[in-house]
Amino acid sequence: MKICQLCAVDFTLHHFLLPLMAGMKAAGHEVIGVCSDGALVPAARAAGFRIECVPIARSHDVRRHFGTYRRLVELFRRERFDIVHVHTPVAALIGRLAAWRARVPVVVYTAHGFYFHERMPPPRRAMHIALEWLGGRLTDVLFTQAEEDAAAARRLGLCRSGRIQAIGNGVDPARFMPRDGAYRARVRAALDTREGDAVILMVGRLVAEKGYVELLRAMRGVPAILWVVGERLGSDHATSIDGALAELERTPDLKSRIRLLGYRADVADLMAAADIFTLPSHREGMPRSIIEAMMCGLPVVATDIRGSREEVVEGETGLMVPVGDESALTHALARLVREPDLRARLGAKGRARALGLYDEAKIVARQIDALGLARR
């Protein structure tokens, strides 16, 4: 088979799609990636894949997508793909339209988290559901990561064939694992953090919907160091956290305990050196960062949202708090800082759960099997 893996930005392709592409290639298929050009494209090519760069704007302005649509139609006709597999909302919708126009035999869509959610204003929610339904008329197979999304897709009829499957999410347990004290000490020393400090880690884009505003304020009542990994993508239209960062600058004591680390390629090392992981997002699909933290034996404090509540078992592998509840977030984080035995117990159970459910190789194999692409 000749297979196209399409997403909007190089970050998604490099960090989330390469393992699937490698699995399909190992099964004997030709796999080509398509995304907007970016700094991570050379790394994807170095991994042994042809990457075609097509500008894909992360925008709701339809006028910005006509050129993308035309380029994709031309690409699909020229390459004569057997399967076009689309990811990320904007690229998925344009890609399915182009695949239909180019008469691609099979179109697969992975919803890494539907954009609509329970706290969205009803008119806006209805609009996004309508767009997913329209895209579903052009979809042969719909994968979701969370079971909750799969149930919603079945209820709303978001795939014309009815072939809807929750595939989960996963990471490589050979990369994400607990480390010994000497390893932790080396990582901490490089970040001006003492071994005796309690360290909370947060990984995510620097936008408000990730819960940074509440987290930075909650840290006033949490006696710990906070490592923040992430940056705001150039294509991101989500609400900024500039106000919260300005407030941080005016609070010297708090600022001294927060390390804004930007984009990092060594997240596995940072997780192995931290004590607690938090993801107070307002909206997620099925966050990989939580799985990475669980693989490393970290207890998790997360918001009670789709995807996160499927991964974290309240009181067993972590603690759940309401979305936007600064007080509850403060209490949960402070409790884990004060109770190292609880951290160890939750972390150990979280790692066992991650090993059983979220091994990346199993997730890749599940997709390959579902699409009938396994080597025979």
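Filtering the stretch 162-170 for residues that are among the aliphatic types (A, V, I, L, M), outside any loop (DSSP other than H, G, I, E, B) and under 19 Å from the mean Cα position of the chain (by Cα) leaves a non-empty set. A Cβ distance below 6 Å, combined with a sequence gap of six or more or placement on separate chains, defines the contacts here; from the stretch 329-345, residues that are among the aliphatic types (A, V, I, L, M) reach residues that are buried (at least 17 other Cβ atoms within 10 Å of the Cβ) and assigned to a helix (DSSP H, G or I) in the pairs Leu329/Glu214; Leu329/Ala218; Leu336/Arg343. Restricting attention to the stretch 102-161, the residues that are buried (at least 17 other Cβ atoms within 10 Å of the Cβ), over 21 Å from the mean Cα position of the chain (by Cα) and part of a loop (DSSP other than H, G, I, E, B) add up to 7.
Looking at the stretch 338-346, can you tell me whether even one residue there is part of a loop (DSSP other than H, G, I, E, B) and in the same structural domain as Thr239 (by TED's automatic domain parsing)? Full working, then the answer.
We begin by selecting, within the stretch 338-346, every residue part of a loop (DSSP other than H, G, I, E, B); these are 339.
Then drop every residue that is not in the same structural domain as Thr239 (by TED's automatic domain parsing), which leaves 339.
The answer is yes; a qualifying residue exists.
Residue pairs whose Cβ atoms lie under 6 Å apart, separated by 6 or more positions or on different chains, with the first residue in the stretch 52-69 and within 10 Å of Ala8 (Cα to Cα) and the second part of a helix (DSSP H, G or I) and of a type in the set (Ser, Thr, Tyr), are Ile56/Thr68. Applying the set (1) surrounded by fewer than 20 Cβ atoms within 10 Å (Cβ to Cβ); (2) of a type in the set (A, V, I, L, M); (3) outside any helix (DSSP H, G or I); (4) touching a residue at least 12 places away in the same chain (Cβ under 8 Å) to Met286 leaves exactly one unmet item: (1).
Residues of the stretch 243-264 include none that is in a loop (DSSP other than H, G, I, E, B), in contact (Cβ under 8 Å) with a residue 60 or more places away in the chain and within 26 Å of the chain's Cα centre (by Cα).
When you check Val323 against the structure, is it in a loop (DSSP other than H, G, I, E, B) and either farther than 26 Å from Leu191 by Cβ or within 20 Å of the chain's Cα centre (by Cα) (or both), yes or no? Yes: the conditions hold for Val323. Sort out which residues of the stretch 276-310 are farther than 22 Å from Ser240 by Cα and among the small types (Gly, Ala, Ser), and write them in order of number. Ala293, Gly297, Gly307, Ser308, listed by residue number.
Take Leu201 and tell me if it is of a type in the set (A, V, I, L, M, F, W, C) and in a strand (DSSP E or B). Judged against the criteria, Leu201 is a match. Filter the stretch 182-222 down to the residues that are more than 27 Å from the chain's Cα centre (by Cα) and among the charged types (D, E, K, R), then identify the one that is surrounded by the most Cβ atoms within 10 Å (Cβ to Cβ). Checked the stretch 182-222; the qualifying residue surrounded by the most Cβ atoms within 10 Å (Cβ to Cβ) is Asp197.
Quick check on Arg179: is it surrounded by fewer than 23 Cβ atoms within 10 Å (Cβ to Cβ) and in contact with an Asp or Glu (Cβ under 9 Å, 6 or more places away or on another chain)? In short, yes.
Annotation: of all residues in the stretch 263-291 being of a type in the set (Ser, Thr, Tyr) and modelled with pLDDT of 95 or more, the one that is nearest to Val228 (Cα to Cα) is Thr278. Among the residues of the stretch 315-325, those that are surrounded by fewer than 20 Cβ atoms within 10 Å (Cβ to Cβ) and more than 18 Å from Glu118 (Cβ to Cβ) comprise Gly315, Glu316.
Yes or no, residue by residue, for (1) more than 30 Å from Lys25 (Cβ to Cβ); (2) in a loop (DSSP other than H, G, I, E, B); (3) out of contact with any helix residue (DSSP H, G or I) (no Cβ under 8 Å at 6 or more places or on another chain); (4) not small (Gly, Ala, Ser):
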position	(1), (2), (3), (4)
Leu319	yes, no, no, yes
Ala328	yes, no, yes, no
Leu336	yes, no, no, yes
Val364	no, no, no, yes
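The values are calculated or read from the model by the stated rules, or taken from the named source; none is laboratory data. All values reported here derive from a predicted model rather than from experimental measurement. Methodologically, a virtual Cβ is constructed for each residue, glycine included, from the backbone with ideal geometry; neighbour enumeration extends over all protein chains shown.
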